[in-house]
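Every number here is computed from the coordinates shown, using simple stated rules; none is lab data. It should be emphasised that the depicted structure is a prediction, and the values quoted were computed from it without experimental measurement. Cβ coordinates were reconstructed from backbone atoms using ideal geometry, including for glycine residues, and neighbour counts include every protein chain displayed.
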Amino acid sequence: MRKHYIDNLRSLAILILIPYHAAMAWNAWGEPNYMMFGSSRVLSSFIVAFSPFLMPLLFLLAGMSTRFALGKRSAGQYIAERVKRLIVPLLFGTLAFMPVMTYLADKRNCGYTGTFIGHYKVFFTKFTDLTGADGGFSLGQFWFLLYLFAVSLISLGLILAQKKLLPKAGGVLPLWAVILLGLPVPLISGLLEVNGKSIVLYTYIFLIGFYVFSIDEVVERISRYRYVFLAAGLISGVTNIWLFLWSSGEYKMLNSITNDVTTWFMMLALTGLGKACLDKTGKASAYMAGRSFAFFSLHYVFVVLFQYLLSGMFSGNTALLFLIPVAASYVVTLLAVELFVRVPVLSFLIGVKPRK
C-alpha cells in the first residue's frame, strides 16, 4: 500500500525550495550565491528556519521509500533505477542548467562581459569554491542527486551485509529509543563534510528512514506525540535563529546544539504530522507526486534568471525583488515541468516517467 504522506511531505519540502533559494540572495552571513543583493535578516531568518531539517527530511523520506522499493526490486534493479533517476539528471542538469546559472552569476557578481557560449570554457575550467557565484564550476542543487546516489549505494551495501550477517536484526523500537536516535546527530554532522553537507550524517538519516521510520507502528507512535515534537522543534528553531542572526553575542557551540536539536525534532514532528494529516491523495497530491522530482531539478535556474532580469527594475525594493521572481518561478517551473514530463527524451534526461 502506497504511503501518501511520504509523497506529500516530499512535495511540500521541494515546493519550499523556490523561496528558500530566492532568499539566499540576501543571506546575512556572506555565503556566495548566484545572485547577491545585500543582506536581510528577515529573509535570512526564513532560510535558517528551514535549513536544519529541509534536506535531512528528504534523505529520511528517501530511506523510507528505499525500504518499500527493495521489497519489489533486487539490489541490481535498485542500482539501475538509481542510475537512471539520479545520475542521468545529475549529468544533464550540470551540463544544461548550471552553465546558465553561473553565466548570470558571473555577469552580476564579477562583471563578466563575454558571450554565453564563451562562458562554457570558464565553467569547465574554473574550480574555486564550487558555489558558482564567481562563474566557476558548480553542481548547484544537483549536489543532492550526487549525495543521494552515494548514500543509496553505501546504505545498500550495509543493508545487504546486515541481512547476511544479522538476518534477525531489526524490530519495532520504543518511542524513547527513537528519540535517542537523534543523539549522534551533533557528533557526526561534521564528518566527511563538503560545503556544509556531511555524507556521514545523510547516510545515518537515510538508514534511520529505512530501518525505523518505514515501520508503521513506529510512525504511529511518533504521530501521537507530534505536537510535543513540533513544540520542541519550534522552540529550538526560534532559538537557533535568534542566536545566529539577531543576538549581539557569540554563541557558536550553543548555536550548533540548537541547530542539531531542530534537525531531529522537526523531522520527528513532520513525520508525525504527515502521517496524521497528509496520508491521503487527491488531484493536487497525485499531480505533485508525479512531478516533484522534475520540479526539483528545474526550479533553481528560473529563480536565478528572474532575479537577474528584474534586479535592475526593483534594485531598491527587497520585497518586490524577492516576491515577483518567486511567483514567476513557480509558474514557469510548473510549465517547464509539463513540457519535460510529456516529451519522452526530456523526461528520461530529467529522471522521471513520461506522462500523457
Against the rule of thumb 2.2 N^0.38 Å, how large the Cα Rg of the stretch 12-113 comes out:
1.40
Once you place label points 7 Å from the Cα toward the Cβ at L192 and D129, how far apart are they in nm?
2.5
So how strong a dipole does the chain carry about its Cα centre when Lys and Arg Cβ are +1 and Asp and Glu Cβ are -1, to the nearest 20 debye?
1280
Computed E for Y287/L309 - FRET, C-beta separation, R0 25 angstrom, nearest 0.05
0.35
Max mean-square fluctuation residue, GNM over the chain, Cα-Cα springs under 10 Å, options Y78, Y211, Y251
Y251
Here the tail fraction of P(r) beyond 18 Å, over all Cα-Cα pairs of the stretch 164-226, rounds in percent to 46
Rounded to the nearest 10 degrees, the helix 41-50 long axis (Cα) sits at an angle to the longest Cα principal axis of the chain of 30
When you take every Cα atom in the chain, what is the radius of gyration, and what is Dmax, the widest Cα pair distance, in Å?
20.6, 64
Pair-distance profile P(r), taking every C-alpha pair of the stretch 129-194, with 5 angstrom steps and integer %:
3, 12, 11, 16, 21, 16, 9, 5, 5, 3, 0
C-alpha center-to-center spacing [the stretch 252-313, the stretch 1-50] in angstrom
7
Quick one: Debye curve from the C-alpha atoms of the stretch 97-140, no solvent, what's log10 I(q)/I(0) at q = 0.32 Å⁻¹?
-1.22
For the stretch 77-187, treating each Cα as an identical point scatterer without solvent, what Debye log10 I(q)/I(0) comes out at q = 0.11, 0.15 1/Å?
-0.58, -0.79
At q = 0.18, 0.19, 0.20, 0.27 Å⁻¹, work out log10 I(q)/I(0) for the stretch 226-280 with the Debye formula, treating every Cα as an identical point scatterer and leaving solvent out; two decimals please.
-0.58, -0.62, -0.66, -0.93
R0 of 30 Å, Cβ-Cβ distance I235-A150: FRET efficiency to nearest 0.05:
0.35
Mean residue ellipticity at 222 nm from the helices of the chain, using -39,500 (n - 2.57) per DSSP H segment of n ≥ 4 over the full residue count, to the nearest 500 deg cm²/dmol?
-21000 deg cm²/dmol
Output ordering of 32-40, 67-75 (per-residue mean of other Cβ within 10 Å, highest first) is 32-40, 67-75
Just how far, in whole angstrom, is the stretch 176-232 from the stretch 58-96 if you go by their alpha carbon centroids?
20
For the chain, build the charge dipole from Cβ charges (+1 Lys, Arg; -1 Asp, Glu) around the Cα centre, then report which of L349, P99, F37 sits farthest towards its positive end.
L349
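Mind giving me the FRET efficiency for K163 and K84? R0 is 25 Å, r the Cβ-Cβ distance, nearest 0.05 is fine.
Here the calculated transfer efficiency is 0.55.
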For the Cα atoms of the chain, what angle does the longest principal axis make with the long axis of helix 292-310, in degrees from 0 to 90, nearest 10?
20
Would you please state which residues of the stretch 1-26 a label at D216 would reach in this model, taking the label point 7 Å out along Cα→Cβ and a backbone N cut-off of under 18 Å?
1-8
Determine the relative contact order of the chain: mean sequence separation of Cα pairs under 8 Å and six or more apart, normalised by residue count, in whole percent.
26
With the 8 Å Cα cutoff and a minimum separation of six or more residues, the stretch 226-280 has a relative contact order in percent of 53
Contact order normalised by residue count of the stretch 1-61, Cα under 8 Å, 6+ apart, percent
31
Hey, what angle do you get for helix 98-110 against the long axis of the chain, alpha-carbon based, 0 to 90 degrees rounded to 10?
50
